[in-house]
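The values are calculated or read from the model by the stated rules, or taken from the named source; none is laboratory data. Here the structure is a predicted model, which means the values were calculated and not measured. Ideal geometry is used to build each Cβ from the backbone, glycine not excepted, and the neighbour counts take in all protein chains shown.
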Amino acid sequence: MATPIKNILDFTGRTAIITGSSSGMGVGIAKRFAETGANIVITYFTDDLRAPAEKIVEQIEAIGAPAMAVKLDVRHSEDSYRMVEEVVAKFGSVDILVNNAGIYPHQKVFECTEQEWDDMQDSNLKGAFFCSQACAKQMKEQGKGGNIVNIISINGYRPLADSIAYGASKAGLAMVTRCLAVELGKYGIRVNGVAPGLMDDPNLDKNVPGWRQRFENRAPVSRLGLHSDIADACIFYSSDLSSWITGEITMVDGGVMHAEAY
């Protein structure tokens, strides 16, 4: 008999690490996971983000889920391993990793510096790999399997002006997702990806004039993405609803990849 869906979506006792979750979309993903009852790990990049991260922990605990905040610079592999140690010391396991941490500065081809290129790859690509490595080793040791979900981007598949370094990092992460899935499947660890389209942001029209209208006009589902849209896809890939799916990447973009470029 199939397990009832309400039980499949009960993550009580499982620990979910959401990287880059002291602000933005990571907060939305973390809070949505909290509704499943999972232990939630909020990671923050610098000391000045510690207070906001701890406030988010309080909000998650108010939802009814255990939570903790851990400092993490994904650019350095040793930081990922230290983070895993702290999480296991508090919650006893690592069961879910959502690689959300990353940066998205715009850089024109003739203006992108070597340092800017390296920063993008270190944050978005190398960081996701080594965080996955650290968590996968812990999952393997636990012997219960686990789930890794990488936040990619439709810009890893569709070129966009002034985003060459970002697009390269996300295209690379798509291949890392597939390679990890192939190698880790024998340990019961599934690895999938979620590729968001343009996300709703109150500052979007100020930062990139015209993008909102262009996206809404061309996307079959004519609205921008919400944090919950991305979070729900991550929860699907972290649950047994997707127990026979690995190495896949889902475009969560309102269908814009099937329409004209925005």
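With segment 174-258 as the region, which helices (runs of 4 or more DSSP H) entirely inside it contain at least 2 residues that are touching a residue at least 60 places away in the same chain (Cβ under 8 Å) and either of a type outside the set (A, V, I, L, M) or loosely packed, with under 14 Cβ neighbours inside 10 Å (or both)? Reasoning before the result, please.
On the way: elements: 204-207, 211-218, 227-238.
Result: 227-238.
Could you check, for segment 238-248, whether at least one of its residues is within 18 Å of S153 (Cβ to Cβ) and modelled with pLDDT of 95 or more?
Kept after step one, since they are within 18 Å of S153 (Cβ to Cβ), are these residues of segment 238-248: 247-248.
When the remaining residues are screened for being modelled with pLDDT of 95 or more, the result is 247-248.
Within segment 238-248, one or more residues are within 18 Å of S153 (Cβ to Cβ) and modelled with pLDDT of 95 or more.
As an exercise: evaluate G167 against (1) closer than 25 Å to L198 by Cα; (2) surrounded by fewer than 16 Cβ atoms within 10 Å (Cβ to Cβ); (3) touching a Gly at 6+ places or on another chain (Cβ under 7 Å); (4) not charged (D, E, K, R) and give the number of the one condition it does not meet. Of the numbered conditions (1) closer than 25 Å to L198 by Cα; (2) surrounded by fewer than 16 Cβ atoms within 10 Å (Cβ to Cβ); (3) touching a Gly at 6+ places or on another chain (Cβ under 7 Å); (4) not charged (D, E, K, R), the odd one out for G167 is (2). Pairs are defined by a Cβ separation below 6 Å, a sequence spacing of at least 6 or placement on different chains, a first member in segment 144-157 that is over 16 Å from V191 (Cβ atoms), and a second member that is acidic (D, E); the pairs so defined are I154/D253.
Condition check ((1) in contact with a Ser or Thr (Cβ under 8 Å, 6 or more places away or on another chain); (2) in a loop (DSSP other than H, G, I, E, B); (3) at pLDDT 95 or above; (4) of a type in the set (V, I, T)) across all residues:
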position	(1), (2), (3), (4)
K6	no, no, no, no
D10	yes, yes, yes, no
G26	yes, no, yes, no
E54	no, no, yes, no
A62	no, no, yes, no
V70	yes, no, yes, yes
A89	no, no, yes, no
W117	no, no, yes, no
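Rundown of residues vs (1) more than 30 Å from V208 (Cβ to Cβ); (2) of a type outside the set (D, E); (3) in contact (Cβ under 8 Å) with a residue 12 or more places away in the chain, yes/no style:
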residue: T3; (1), (2), (3): yes, yes, yes
residue: D10; (1), (2), (3): yes, no, yes
residue: A30; (1), (2), (3): no, yes, yes
residue: I63; (1), (2), (3): yes, yes, yes
residue: P66; (1), (2), (3): yes, yes, yes
residue: F91; (1), (2), (3): yes, yes, yes
residue: V109; (1), (2), (3): no, yes, yes
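Considering only segment 133-148, state which residues are more than 15 Å from E78 (Cβ to Cβ), within 18 Å of the chain's Cα centre (by Cα) and either at pLDDT below 95 or of a type in the set (G, A, S) (or both). A136, G146 - these are the residues of segment 133-148 that are more than 15 Å from E78 (Cβ to Cβ), within 18 Å of the chain's Cα centre (by Cα) and either at pLDDT below 95 or of a type in the set (G, A, S) (or both). Scan segment 184-193 and give yes if some residue there is under 24 Å from A259 (Cβ atoms), modelled with pLDDT of 95 or more and not polar (S, T, N, Q), otherwise no. The answer is yes, given that some residue of segment 184-193 is under 24 Å from A259 (Cβ atoms), modelled with pLDDT of 95 or more and not polar (S, T, N, Q). Tallying residues that are within 18 Å of the chain's Cα centre (by Cα), β-branched (V, I, T) and more than 20 Å from Q121 (Cβ to Cβ) within segment 61-91 yields 3. Would you please name the residue that is farthest from T15 (Cα to Cα), looking only at residues in segment 108-153 that are touching a Pro at 6+ places or on another chain (Cβ under 9 Å) and surrounded by fewer than 21 Cβ atoms within 10 Å (Cβ to Cβ)? My answer is E116. Taking the conditions (1) in a loop (DSSP other than H, G, I, E, B); (2) touching a residue at least 60 places away in the same chain (Cβ under 8 Å); (3) within 18 Å of G172 (Cα to Cα) in turn, V98 satisfies each one other than (1). Would a scan of segment 74-81 turn up a residue that is on the phi < 0 side of the Ramachandran plot, in a helix (DSSP H, G or I) and basic (K, R)? Looking for residues that are on the phi < 0 side of the Ramachandran plot, in a helix (DSSP H, G or I) and basic (K, R), one finds none in segment 74-81, hence no.
Listed here are the residues, each with its yes/no results for (1) touching an Asp or Glu at 6+ places or on another chain (Cβ under 8 Å); (2) surrounded by fewer than 17 Cβ atoms within 10 Å (Cβ to Cβ); (3) of a type in the set (K, R).
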| residue | (1), (2), (3) |
| --- | --- |
| E58 | no, yes, no |
| I63 | yes, yes, no |
| A69 | yes, no, no |
| R75 | yes, no, yes |
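Which members of segment 12-24 meet the condition of being part of a loop (DSSP other than H, G, I, E, B), in contact with a strand residue (DSSP E or B) (Cβ under 8 Å, 6 or more places away or on another chain) and of a type in the set (S, T, Y)?
Narrowing segment 12-24 to residues part of a loop (DSSP other than H, G, I, E, B): 12-14, 19-23.
Cutting the leftovers down to in contact with a strand residue (DSSP E or B) (Cβ under 8 Å, 6 or more places away or on another chain) gives us 13-14, 19-22.
If the condition is that a residue be part of a loop (DSSP other than H, G, I, E, B), in contact with a strand residue (DSSP E or B) (Cβ under 8 Å, 6 or more places away or on another chain) and of a type in the set (S, T, Y), then T19, S21, S22 are the ones that fit.
Selection of segment 9-24 for residues being closer than 19 Å to N203 by Cα and surrounded by fewer than 24 Cβ atoms within 10 Å (Cβ to Cβ) yields S23, G24.
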